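Structure first, commentary second.
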Amino acid sequence: MYLYNARYIKMHADVEVDCHVLVIGSGGAGARAALEASQYGKTVLVSRTLTGKGGCTPMAEGGYNAVLRNADSCPMHVADTLRGGAYLNDPALVDILVRESPERMADLIRWGAVFDVTDSREIAQRPFGGQQFPRTCYAGDRTGHEIMATLVEQLRSRDIEQLQETTVIELLLDGGRVCGAAMLDRNGGLLLCRADATVLATGGGTRVYDISTNCAAGTGDGFALGYRAGAELIDMEMVQFHPTGAVYPYNARGRLITEAVRGEGGLLLNAEGERFMHRYDPERMELSTRDVVARAIATEILEGRGTPHNGVYLDVSHLPAPTIEERLPIMLEQFLAFGVDIRKEPMEVAPTAHHIMGGLRITPSGQTTVPGLFACGEVAGGVHGANRLGGNALADTQVFGKRAGESAGRAAKQSGAIPISAIGAIGARLERFRAGSVPPIAIIETLRRAMWDGAGIFRTEASLTTAGETVASLKTRTPQARTDRNLAECCTVENMLEVAGLIVRGALLRRESRGAHVRKDVRTAWEPAQSPYGHTFQSRSGEGIEQREVAA
Amino acid sequence: MKEGDMVGITAKVSRFNPETDKEPHFETYTVSVHDGARVLHVLHAIHDRLDPTLAYRFCCEAGQCGSCAMRVNGEPVLACMEEATDGMTVEPLRLPVIRDLLVEVEGVLARLAPFEAGEEPEIPSKEEIEAIKPLRDCIECLSCVSECPAVDVASFLGPTGMRQEMRIALDPRAKHDRIKKAIDEGLFTCTTCQRCRDVCPKKIAIPGRAIEKLREIANREGLTLPRHQAVARLIEETGRSVDRTKATFLEQVPEVVEPDGPVRGEVGFFVGCMYNGRVPETALDMIEVMKRNGIRLIIPHDQVCCGSPLIRTGQTAILPELKKRNIEAFARKGVTTVMTMCAGCGSTLKNDYDTPFTVKDITEVLTEYGIEPPARLDVRATYHDPCHLLRGQGISGQPRELLKTAVREFVEMPSRCCGAGGGVRSGLPDEAAALGKQRDDEIKKTGADIVVTACPFCEFHIRENTDRPVKHICTLLLEGYREKDRKRNRPAKG
Ligand SMILES: Cc1cc2nc3c(=O)[nH]c(=O)nc-3n(C[C@H](O)[C@H](O)[C@H](O)COP(=O)(O)OP(=O)(O)OC[C@H]3O[C@@H](n4cnc5c(N)ncnc54)[C@H](O)[C@@H]3O)c2cc1C
Ligand code: SF4
Ligand code: SF4
Ligand code: FES
């Protein structure tokens, strides 16, 4: 391929940035990766929001899992994670997650994180669903915010260039290797960044569903960017529906009600006042894994035992008011803002799309299947299998953020050039949006409903096919950018369609019910541990489902 | 609340395009949104359906990231949490505007103190964690910075900058003592007006929890401003923060002042240093108003400075002694209610003391008892809200109620700190003057003939910065009574 030097490219794109490591996304994973990478060379941290303010990390409430006590153990945490993940997790990644999570917690504490502690100066831990030991460390119910604040305090003292409110729209390829990214700044100006190594840390994407806990940045851009750059993605059908999302008012629906509410003793009741979990998981009751609780609630509602707002009750009013005030301040504040005093009355909740367990396939060092590209955090797959345990995602961001940052930092220097062909394609794409005719919102709303109806908690081949057809037809419509500043939105719309397509295809590929993925049209004759299937995989060069040998 | 019910909302939204506009202007939009929609959802509806060029910031949509702070009907709020109302106006925060509702924040955020850990830091104790936690709720929305009067006229990183410094000062893991940095960042520029606390979506009490505490640390390290040290010495030596230059109020009045007519009530009177030593005339006016309205005053002569100038400037060593003397002075007389007419003393007695009696501002006392209506003076008046009355004591209605009975016309002006508080007037007079000047501009805009207020610091300071007469509410009432008497052809007493 013919290469132009960097100076020439300047004439085509507005600005050029050159660095050793480019980190895309400033959530928990991206910030951690940037801190690590900056020890090896010039590091640029780009995010489409203000640094640290975007993404789902600051919204995480419940906690961070780490084995810290003698009565707990790494094998126990591994066992819980694998069992929760329906044995679809990549065992090597789980081992690392569990082993290094305490070390990354120690980093955070060293950097000044203000976690709750016990009277004997130990990090306090609370019980979370699906775990044998109360190993979830927390900072009230603003744990993610605390982690983010700590990382941002560190970023401020390091030499890391931050490109804020800048949206990455394409990864740049040099031969088969990622060599940086194209982005749009706040004004829609195109900006190119060349990097020896690139870390994708763009977080999750459940905003492709009508009802979602995710922040506005949760559109899954990174999955689409990685896919278009040739990376392989695994288990994209594995979408976690959190059992407890708000159901009203309309605009707050989907907003997360943290699992800590159940951890602290919250009870789930149907409209008849029955504590229905005894029919679904009599042993663990409300503290069962998320997939089980979400399906239980969905079933109660489907079978007519739901509340007037189509939810079930989640009640903490039996707990002492000071406990609620101290342990669940954000919940209390948010519900009060909507006129509900949770100290006195129950909340109404229903499942909401929460987390994408699938993502770019990574090695333990965070390397994707494309040279030059690393991934960490929610955009990477394999750690959580078919269902993520509460508290494991924040740990994931720190453990794999550090690893990806370090690997990228250690990557070899590359030639300082970006192939011109890539830039031409980007220009053509942006031109298409300028000439587009469909308001982005029209595409997004149709997509979200189609995904909720067809690829939601319960799936069949027919429902998935319908959703897939809707996605395909939406892909033929061109979103309109009225001004340059709307170009990024249009790119995101296309990314959302890409992600939705990946979820639907993954769900069709997996002809079994497993973890968060429930196929009502196929009978699953095996326990998850005995499933003959491994990861589903999709890339531009092919798709399929791995078969695996299982001991009888 | 029924789901899915749609309501129509009309909103006036500030628009600014840096390429074509010289200054922002309002556009009016009407959109249909779901019942219970927040301001942010109205902006989404405008952006999605009417005008995709509208620029605004948001991300979490759950009050947790601090991206969406803006002014709705003039007050800073989080757009994702504030319920939308029909007819609302939406404006950017008072920070440099980039476009529409987008303001420049990166600069300030980048300057917030980083955390530098010492070697092998230990896990803090539970008490240490609990002390830091309230300062940690900050979502860096910069509402506080945008409304801070000191940021406006002085070199000050802003309230959340001080919050961050205090967070580090409280953390045993931090490597350096940063108090000198905090001073460089403007620690002494804060007037303790409490505006930041009121606009903070997380209700972080920065003046009390951070600024005054940092000033205490500075004091322990001998870094208090010389002018503030002089005040502390004066209080220690004389019990008063004001030099005796003339006969004081307490020297001129007996310990019990009986009303003219029948006794309708009785209160203790806490005079404070300003009314005692600098503007005793106003306090004497007050006596006439009380006498006329049947309220007996008990005025212990052994009362001293409330300690406010020490608390605000972080010099709290002799505070317990002052508190003890004051509480005993009034307790000995057996009063159940103590009245203040200095907003600063009132706020201090109410918020920093633990008193065996109730403390009330004079405007509360007068409106509760009800007063004889004065004659209306033929003037247009405006009212300046003293910070320590409005935010320190939550009092805004009573002074207006009283004021309206005494003048021909009352006009509002936006409430803002005049610059007299927090030791700024003595410590950083230029800053205080700049804020005083801003008050004068607002006063001029109202076209008022007189300015009325209810705090000696404000009264004194604004008087220096405007050519309009500045009066305490009591002086105004007394003038109204005299006018009334003159009309009845009966000379007023006093
Ligand atoms: C409400 C909620 C509560 C949760 N609670 C918990 C919990 O208690 N415990 C737990 O373990 N997990 C929890 N999770 C999950 C966990 O928060 C996330 O999985 C994790 O924080 C993801 O971190 P991340 O760094 O991968 O991505 P994010 O934090 O989502 O960050 C993504 C970053 O990428 C940027 N970005 C995205 N697209 C682009 C683009 N095109 N160009 C440039 N930048 C881009 C964004 O601006 C952002 O900076 C919760 C999730 C949610 C939504
Ligand atoms: S109290 Fe007033 S002057 Fe001081 S920081 Fe807060 S807003 Fe600024
Ligand atoms: S202190 Fe409050 S108002 Fe100021 S930035 Fe923090 S959250 Fe916002
Ligand atoms: S959008 Fe995050 S606080 Fe409002």
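The values are calculated or read from the model by the stated rules, or taken from the named source; none is laboratory data. Bear in mind the structure is a predicted one, so any value in this text is a computation, not a measurement. Cβ placement follows ideal geometry from the backbone for every residue including glycine, while neighbour counts extend to all protein chains displayed. Surface areas here come from the heavy atoms of the whole protein model, side chains and all, with no ligands, DNA or RNA. Shrake-Rupley method; radii C 1.70, N 1.55, O 1.52, S 1.80 Å.
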Residue-normalised value, i.e. accessible area per residue, for segment A:282-378 at 1.4 Å probe, in Å², stands at 35
Add -39500 (n - 2.57) for each DSSP H run of 4 or more in chain A, then divide by its residues: what number comes out at 222 nm, to the nearest 500 deg cm²/dmol? -10500 deg cm²/dmol
What does the charge count around A:Gly25 come to, taking other residues whose C-beta lies under 10 Å from its C-beta (Lys +1, Arg +1, Asp -1, Glu -1)? -1
Rounded to the nearest 10 Å², the accessible area of A:Met357 using a 1.4 Å probe with every protein chain kept is 0
Which FRET efficiency value, to the nearest 0.05, is calculated for A:Ser421 and A:His318 with the Förster distance at 51 angstrom and r the Cβ-Cβ distance? 0.20
Before rounding to the nearest 500, sum -39500 (n - 2.57) across all DSSP H runs of length at least 4 in chain B and divide by the residue total; then give [θ] at 222 nm in deg cm²/dmol. -10500 deg cm²/dmol
Between the modelled labels at B:Glu27 and A:Gln132 (7 Å from Cα along Cα→Cβ) the distance in nm is 6.1
Angle between the Cα long axis of helix B:456-465 and the longest principal axis of chain B, 0 to 90 degrees, nearest 10? 70
Can you list, largest first and rounded to whole Å, the semi-axes you get for segment B:108-220 by taking the square root of 5 times each eigenvalue of its Cα gyration tensor? 23, 15, 13
Report, to the nearest whole %, how much of the accessible area of the protein assembly as shown belongs to carbon and sulfur atoms, 1.4 Å probe, protein only. 50
Over the protein assembly as shown, equivalent-ellipsoid semi-axes from the Cα gyration tensor in Å: 58, 30, 29
For a quick size check, give me the Cα extents of segment A:420-523 along its three principal axes, largest first, whole Å. 49, 30, 19
How much of the DSSP bridge set in chain A is antiparallel, in percent, rounded to the nearest 5? 65
Provide Rg over Rh for segment A:246-351; use the alpha carbon set for both Rg and the Kirkwood Rh (inverse mean inverse pair distance). 0.94
So which residues in segment B:52-69 end up with at least 30 square angstrom less accessible surface once the other protein chains are there, compared with the chain by itself, probe 1.4 angstrom? B:Pro52, B:Thr53, B:Arg57, B:Cys59, B:Cys60, B:Glu61, B:Ala62, B:Gln64, B:Cys65
Take every residue in peptide A:56-62, count the Cβ atoms of other chains within 10 Å of its Cβ, and give the average of those counts. 3
Angle check, please: helix A:91-110 long axis (alpha carbons) against the longest principal axis of chain A (alpha carbons), in degrees 0 to 90, nearest 10. 90
Given a 1.4 Å probe, the accessible area of segment B:1-148 per residue, as a whole number of Å², is 40
Per residue, the convex hull enclosing the Cα atoms of chain A spans a volume in Å³ of 144
On the first, second and third principal axes, largest extent first, how far apart are the outermost C-alpha atoms of segment B:241-368 in Å? 45, 33, 25
Here segment A:208-213 yields Karplus 3J(HN,Hα) values (6.51, -1.76, 1.60; θ = phi - 60°; whole Hz; Gly and Pro given as x) of 6, 9, 4, 10, 8, 8
All alpha-carbon distances of chain B, grouped into 20 Å bins from 0, give the whole-percent distribution 21, 49, 27, 3, 0
Cα-based helix-to-principal-axis angle, A:28-37 vs chain A, degrees rounded to 10: 50
Once each part is reduced to its C-alpha centroid, what is the distance from segment B:73-106 to segment B:130-182 in angstrom? 23
Please find the FRET efficiency linking B:Asp35 to A:Glu326, where r is the Cβ-Cβ separation and R0 is fixed at 30 Å, and quote it to the nearest 0.05. 0.35
In a shell of Cβ-Cβ distance under 14 Å around A:Leu268, excluding A:Leu268 itself, what net charge do Lys and Arg (+1) and Asp and Glu (-1) give? -2
Roughly how much accessible area, to the nearest 100 Å², goes out of reach of solvent when B and A pair up, both sides summed, probe 1.4 Å? 5200
With Cβ to Cβ distances under 13 Å as the rule, what net charge do the other residues near A:Arg69 carry (K, R +1; D, E -1)? 0
Provide the percentage of antiparallel DSSP beta bridges, counting only those with both residues in segment B:6-104; round to the nearest 5. 85
